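Note sheet for the following structure.
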Amino acid sequence: MGNNMHLFLDFIPALILVLVASYICGNLARYIGQPKVVGEMIAGILIGPSFLGIFAPQTMSTLFTADVKSILYILSNLGLGMYMFLVGAEVDENKLTKSLIRKCTILSTSGILVPLLLGVAIGFFYYSELSLPNVHPFLFALFIGSALSLTAFPMLARIIQERNLTTTHFGTLALLAASIDDALAWCLVALITALAQAQGVFAGVSAIVFGAIFACFMLLLVKKWMARLGDKVEKAGSLSINHFSLILLLLLLAIWFTDYIGIYSVFGGFIVGLAMPRHKVFARELQSKFQPVVISLLLPIFFAYSGLNTDLTTIFSNMSLLIPAIVVLIASIAGKYGGCALAMKSIGYSWREASAIGMLMNARGLMVLILVNIGISYHIITTELFAILVLMTLVTTIGATPVFNLLYPTHPKEKRGVIDLKPLPKQS
């Protein structure tokens with residue numbers, strides 16, 4: 001009991017610092033025109049080795065002990081899974097027409113294939129300069145390709161949500177394309193980690209197969225059961241504690257299962273969200289019961305934990321990294337933004353809309369920071385490449401929102417909280 005009490009007393013100050021930093025930085029970000037999520041991302045980095053670890057290393061090590069970080073890790077994964085559950089529950093399935101699915105497929109394929117090929121080419125080119133000697137060239141190149149292919153799905157979802165675009169045609173297209181994009185990219189990561197652990201290709205392929213089975217089970221079978229539950233909730237006018245507990249249990253199982261099979265838990269939460277009924281009362285009850293805790297507590301913990309594992313000081317340790325860093329940055333923008341924008345233009349959207357969605361898909365956020373930490377943990381990449389990919393992540397993430405707002409300005413109805421379902425007019 002004594003050790004548990006000490007752990008509790010150690011954890012609370014760390015949690016308070018996380019929430020205070022998140023609150024301050026989140027509001028500062030909104031003040032300068034960035035989404036709150038960017039401020040929360042920066043807050044996580046500030047309380048980690050990149051800032052607090054430099055100016056007050058003893059304070060950081062005292063606050064964030066190994067035990068405290070373990071608790072933060074658990075809560076951060078729960079928070080991210082639950083947040084993506086809420087995002088999935090908001091996607092308007094009435095807009096999932098054959099035409100939209102076709103567009104999502106084209107957009108997501110372009111969004112992952114073009115940057116993947118560029119990343120693989122860069123990986124082979126810089127293998128001798130940036131790779132560890134015991135890493136196979138194909139594995140190294142595939143890792144860089146995956147890093148360039150990822151989209152900051154949580155950040156994109158947060159921007160879409162903050163702009164009240166979740167139920168619009170534009171927002172639905174962006175969310176679905178990004179989810180497919182990241183699902184494929186994380187399947188590649190599963191394959192990479194399996195190869196890095198010498199488990200063979202079968203381990204990576206099995207993760208993809210089990211992930212597909214899980215998605216089919218949720219969207220074909222569980223969705224029907226949830227529809228009947230939605231009817232009961234609609235008649236009762238509220239979601240009972242028992243029904244809420246069942247949904248929470250289903251969500252936790254999905255988060256655990258997708259993480260267990262090697263696909264990041266974020267997609268477990270998103271798929272469960274897609275399986276939820278779209279009844280008005282049911283949707284309102286889900287939001288009121290999940291959102292306050294997830295947005296105010298669990299999501300900031302996710303950014304904090306990721307920031308604690310990110311050390312930006314390595315960027316300035318070796319100036320010879322400047323040229324490969326520029327090459328990676330240009331390739332990341334050209335691959336993701338260029339591929340997505342051209343794909344959108346090819347299916348009938350204006351350059352304005354195509355560029356707007358290209359910028360959203362180009363943001364990497366902490367998803368790539370998670371990936372590079374995986375790369376370090378499995379000894380796939382060097383600290384130098386870690387620094388380059390972190391720099392690429394920050395530039396593409398911070399630049400996404402101002403350019404998106406310039407290309408897709410806030411509609412007056414958005415400011416009043418009214419959803420505008422009409423896409424922007426075509427512009428050449």
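The values are calculated or read from the model by the stated rules, or taken from the named source; none is laboratory data. Every value quoted in this text rests on a predicted model; they were computed, and no experiment measured them. FYI the Cβ positions are ideal-geometry reconstructions off the backbone, even for glycines, and counts take in every protein chain you see. Just the protein is used for accessible areas: all its heavy atoms, side chains included, with ligands, DNA and RNA removed. Shrake-Rupley method; radii C 1.70, N 1.55, O 1.52, S 1.80 Å.
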- Under the Karplus relation 6.51 cos²θ - 1.76 cosθ + 1.60, θ = phi - 60°, what is the ordered set of whole-Hz ³J(HN,Hα) values for the range 276-293, x standing for Gly and Pro? 6, x, 9, 4, 4, 5, 4, 4, 5, 5, 4, 4, 5, 8, 9, 4, x, 5
- Task: Please turn the phi angles of the range 30-36 into ³J(HN,Hα) values with the Karplus equation 6.51 cos²θ - 1.76 cosθ + 1.60 (θ = phi - 60°), one per residue in order, whole Hz, x for glycine and proline.
- Result: 5, 5, 9, x, 8, x, 4
- Message: Using the Cα centre of the chain as the reference point, and only Cβ charges (+1 on K/R, -1 on D/E), how large is the resulting charge dipole? Debye, rounded to the nearest 20.
- Response: 1560
- Query: For the peptides 253-262, 224-233, what is the packing order when you average, over each peptide's residues, the other Cβ atoms within 10 Å and list the highest mean first?
  - Reply: 253-262, 224-233
- Message: What does the charge count around Ile330 come to, taking other residues whose C-beta lies under 15 Å from its C-beta (Lys +1, Arg +1, Asp -1, Glu -1)?
- Response: +2
- Amide proton proximity set for Ile381, modelled H, under 5 Å, gap of 5+: Ile376
- Message: Over the chain, with the other protein chains present, what is the accessible area per residue in square angstrom, probe 1.4 angstrom?
- Response: 43
- Task: Return the Rg/Rh value of the chain, two decimal places, where both radii are evaluated on C-alpha atoms and Rh is the Kirkwood radius.
- Result: 0.96
- Task: Go ahead and run the numbers for FRET between Ile101 and Ile12, Cβ-Cβ distance against an R0 of 56 Å, rounding to 0.05.
- Result: 0.75
- Query: Could you give the dipole magnitude of the range 37-142 about its Cα centre, charging the beta-carbon of Lys and Arg +1 and that of Asp and Glu -1, in debye to the nearest 20?
  - Reply: 340
- Query: Can you work out D for the range 244-328 in µm² s⁻¹ from Stokes-Einstein, where Rh is the Kirkwood radius over C-alpha pairs, the temperature is 37 °C and the viscosity is 0.692 mPa s?
  - Reply: 203
- Message: Of Ile301, Met359, Ala331, which is farthest towards the positive pole of the range 249-377's charge dipole, taken about the Cα centre with +1 and -1 on the beta-carbons of Lys, Arg and Asp, Glu respectively?
- Response: Met359
- Peptides 133-139, 274-280: what's the order by average Cβ count within 10 Å, highest mean first? 274-280, 133-139
- Ignoring ligands, DNA and RNA, what percent of the accessible area of the chain is carbon or sulfur (1.4 Å)? 70
- Note on the structure: Output ordering of 341-348, 60-67, 390-397, 170-177 (per-residue mean of other Cβ within 10 Å, highest first) is 170-177, 390-397, 341-348, 60-67
- Item | Dipole-positive endmost among Ser76, Leu52, Ile16 within the range 1-98 (Cβ charges, Cα centre) | Leu52
- Query: So between Arg30 and Lys69, what do we pick up on full extension, going 0.36 nm a residue minus the alpha carbon distance?
  - Reply: 11.2 nm
- Note on the structure: Ranked by GNM mean-square fluctuation in the chain (Cα springs under 10 Å), the top entry among Lys36, Lys235, Lys336 is Lys235
